[in-house]
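Undergrad: Got a structure for you, written out below as structure tokens; questions coming shortly.
The values are calculated or read from the model by the stated rules, or taken from the named source; none is laboratory data. Computed from a prediction, not measured in an experiment: that's the story for all the values here. Neighbour counts are summed over all protein chains in view; Cβ atoms, including those assigned to glycine, are modelled from backbone coordinates with ideal geometry. Note: accessible area is taken over every heavy atom of the protein model, side chains too, but ligands, DNA and RNA are not part of it. Shrake-Rupley method; radii C 1.70, N 1.55, O 1.52, S 1.80 Å.
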Amino acid sequence: MFESLSGKLGEVFERLRKRGALSESDVSEALREVRVALLEADVALPVVKAFIDGVKSKAVGQDVLRSVTPGQMVIKIVHDHLVEMLGGEAGTEDESGINLNAVPPVPVLMVGLQGSGKTTSTAKIALRLMTKERKKVLMASLDVYRPAAQEQLKILGEQNNIPVLPVVAGQMPVDIAKRALQAAKLGGYDVLMLDTAGRLHIDETLMLEVAAVRDAVQPHETLLVADSLTGQDAVNVAKSFNERVGVTGIVLTRVDGDGRGGAALSMRAVTGKPIKLIGVGEKVDAIEPFHPARIAQRILGMGDIVSLVEKAAETIEKEEAERLAARVQKGQFDLNDMASQLKQLRKMGGMSGVMNLLPGVGKVKQQMAAANVDESVLKRQEAIIGSMTRDERTNPKVIHASRKKRIAAGSGTSVQDVNKLLKQHLQMADMMKRMSKLGQKGFMRSMGSMLPGMPGMPKLH
């Protein structure tokens, strides 16, 4: 979502880094470009003005202009103010998430406009609480207006083994909320997720109904679900709900889309309420805590190594990783091992998913785009290996011309694709053999040299 903004800010800061000394006019010119980039990203004007004023007051000081690396100092100031704008404090890791510090069952009220992703977000949060925090969660739909809304939540519950309150025909939202709270108490649930009805736009009837539900169950958290692709409209919706209902936090959906990022940057500043969670995909497990410091680093092209490590820890199977490490140290690497690596990489979001979290890869991503690197190649490669026999995967040397034709036909690819895969495997196997001869320290050095910008690798221009 922040790709366009990140690219523009990266160009501004690249010019600052190249200059040995900076004058006040240099900083002012750079901040004018930052201002334009923020406005183009659909950040609210008052937020942009306050941000630029705050940065400028510090960036034109003598300590910065006379420092050894003034360009880096200005970037740090922008970073710290960006973290502050997003709701965190510079230099701290904000453990944002849902506050469950209350007597169970803890009611969590989900509010927002129709189409913002409220029902899906309800299921996502419930699943996250169950899997990450080992909470017993009950979901209930209060949407008696939208056709099949209650059925949608029921299906999501069945698909993910999340209990859902049974529907009673003709019952109204406040009564459903009271029944759900009673059922949660009797069932010994830790959390009660209440999915309220939405509208295409804010109206008085909607606000009165949500307020009535709030008064009936006294929610510990009232989370506004807002679609990041709606830009400034999402900010206005957040402001209205906060004034009328009282919001404790925001869940931003479709952050993986091509929105300009202005909503995320404006919401905290306009409403004073934190963005607690972000939806990063359509799958029910595609939701993450919102960390201001990490998001600021991504926007400024600094990467997000912490999130990358967390993602790797969640997706990489420990036993499989240990098995592969043992084989690599022996210099062994067959097509089964390669298939395992492709699967793990795809689970982490493919090359683009990993690269989004690496620092300083903006130029590399541009080069990949220019070279038309196709992410679907991972699936094709998996399909090719899947079309091989067990003997062919463990001993690729037996794959001759007729076998290549069979494999290509079975995987829906071409013989050229099969040849490319076999060549790639051969190169990887040779590298593994060389690394196995280096010992553990040499092995780690070689792994480091595989990353751009690390010792032993040519710099990318």
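Undergrad: With N set to the number of residues, divide the alpha-carbon radius of gyration of segment 120-199 by 2.2 N^0.38 Å and report two decimals.
TA: Expressed relative to 2.2 N^0.38 Å, the Cα Rg reads 1.02.
Undergrad: Using 31 Å as the Cα-Cα cut-off, could you pick out the over-long pairs in K76/K135; K76/K273; K132/K343?
TA: From K76/K135; K76/K273; K132/K343, over 31 Å: K76/K135.
Undergrad: Quote to one decimal, in nm, the extra length available between K343 and A148 on full extension: 0.36 nm per residue of separation minus the C-alpha distance between them.
TA: Result for the pair: 66.6 nm of gain on full extension.
Undergrad: Given R₀ = 22 Å, FRET efficiency for R15-K76 by Cβ-Cβ distance, to 0.05?
TA: Calculated value: 0.85.
Undergrad: Still on this structure: Gain in length, K49 to A383, computed as 0.36 nm per residue apart minus the alpha-carbon separation, to one decimal in nm?
TA: Separation in residues times 0.36 nm, less the Cα-Cα distance, equals 115.0 nm.
Undergrad: Report the accessible area of H400, computed with a 1.4 Å probe over the heavy atoms of all protein chains in place, in Å² rounded to the nearest 10.
TA: Here the accessible area works out near 90 Å².
Undergrad: Apply the Karplus parameterisation 6.51 cos²θ - 1.76 cosθ + 1.60, with θ equal to phi minus 60°, to every residue of segment 166-174 and state each ³J(HN,Hα) to the nearest whole Hz, in sequence, with x for glycine and proline.
TA: Once rounded to whole Hz, the list reads x, 7, 10, 4, x, 7, 8, x, 5.
Undergrad: Which number comes out as Rg/Rh for segment 88-229 once both Rg and the Kirkwood Rh are worked out on C-alpha atoms?
TA: Radius of gyration relative to Kirkwood radius: 0.96.
Undergrad: Let me ask something else. Between their Cα atoms, which of K330/K397; K118/K154; K283/K420; K154/K283; K379/K423 are more than 21 Å away from each other?
TA: Check vs 21 Å cut-off fails for K283/K420.
Undergrad: Another question about this same structure. For a label point 7 angstrom out from the Cα of Q424 toward its Cβ, which stretches of segment 379-405 have the backbone nitrogen within less than 13 Å?
TA: The answer is 379-386.
Undergrad: Among the GluC sites (Glu not before Pro) within segment 21-55, which fall in a DSSP loop and have no more than 11 other Cβ atoms within 10 Å of their own Cβ?
TA: Within segment 21-55, no GluC sites (Glu not before Pro) qualify (loop, at most 11 other Cβ atoms within 10 Å).
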